[in-house]
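**Q** Structure provided below as structure tokens; questions to follow.
Throughout, read-outs are computed from the coordinates displayed, never taken from laboratory work. Small disclaimer: the values here were computed from a predicted structure and weren't measured. Please note: Cβ atoms are built from the backbone with ideal geometry, for glycine as well, and neighbour counts cover all protein chains shown.
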Amino acid sequence: MSGRRHCEALAANATSPRPVLWQNGRPMRLFALRGANTVAVNEASAILDATAELIRELMERNALAPAAMVSAIFTLTDDLDAEFPAVAARQLGLDRVPLLCTREIPVPGSLPRVIRALVHYYAADDHEPSHVYLGEARALRLDLESAQ
């Protein structure tokens, strides 16, 4: 969408609770998608494999292409420091998506060896995000278990 058409779309929807963009005659909006996966050991290959599995599943379940992604934030629990999850994302073709890796808050008793992701992306206005929790991380969102 050209900058002018983008501004016109935003201005036309200024009174809407959320701005609506248009692509190919279809309204689009910004979504945020959550996901998590667990890692068996603190090794670079294990972190890369678990992150790649998570990103592939997020993309597949949401018919998500890298071009639609705005950004992705990865968090790791304190017991994972052998590699950056962003490395796996880049290897999957997210080389033009801004990526950030950070630490998860170390809450006592929380699930160990977890990689979490928050992905921002554009999709059709009627899209229903499908969050993804894999491995032991399924226990983090039991409310979504029946949908997976």
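**Q** Counting Lys +1, Arg +1, Asp -1, Glu -1, what net charge surrounds Ala137 among other residues with beta carbon under 10 Å of its beta carbon? If you can, show how the numbers build up before the last one.
**A** Details: positive: Arg113, Arg116, Arg138, Arg141; negative: Glu136.
So the surrounding residues net to +3.
**Q** Under a Cβ-only charge scheme (Lys and Arg +1, Asp and Glu -1), can you give me the dipole magnitude of the range 30-147 about the Cα centre, in debye to the nearest 20? Before the final figure, lay out each step's value.
**A** On the way: 10 positive and 17 negative charges, 36 e Å.
For this selection, approximately 180 debye.
**Q** Another question, if that's okay. Around Ala46, under 10 Å between beta carbons, what's the net of Lys plus Arg minus Asp minus Glu among the other residues? Present the calculation step by step, with values, prior to reporting the outcome.
**A** Working: positive: Arg113; negative: Glu43, Asp49, Glu83.
So the environment of Ala46 carries a net charge of -2.
**Q** Pop out the ³J(HN,Hα) list for the range 114-121 in order, Karplus 6.51 cos²θ - 1.76 cosθ + 1.60 with θ = phi - 60°, rounded to Hz; leave Gly and Pro as x.
**A** Karplus-based 3J(HN,Hα) across the range 114-121 equals 10, 10, 10, 9, 10, 10, 9, 7 Hz.
**Q** If Lys and Arg each add +1 and Asp and Glu each add -1, what is the summed charge of the other residues whose beta carbon sits under 15 Å from the beta carbon of Thr77? All intermediate terms of the calculation are to be shown ahead of the outcome.
**A** Numbers: positive: Arg103, Arg113, Arg116; negative: Glu43, Asp78, Asp79, Asp81, Glu83, Glu104, Glu136.
Summing Lys/Arg as +1 and Asp/Glu as -1 gives -4.
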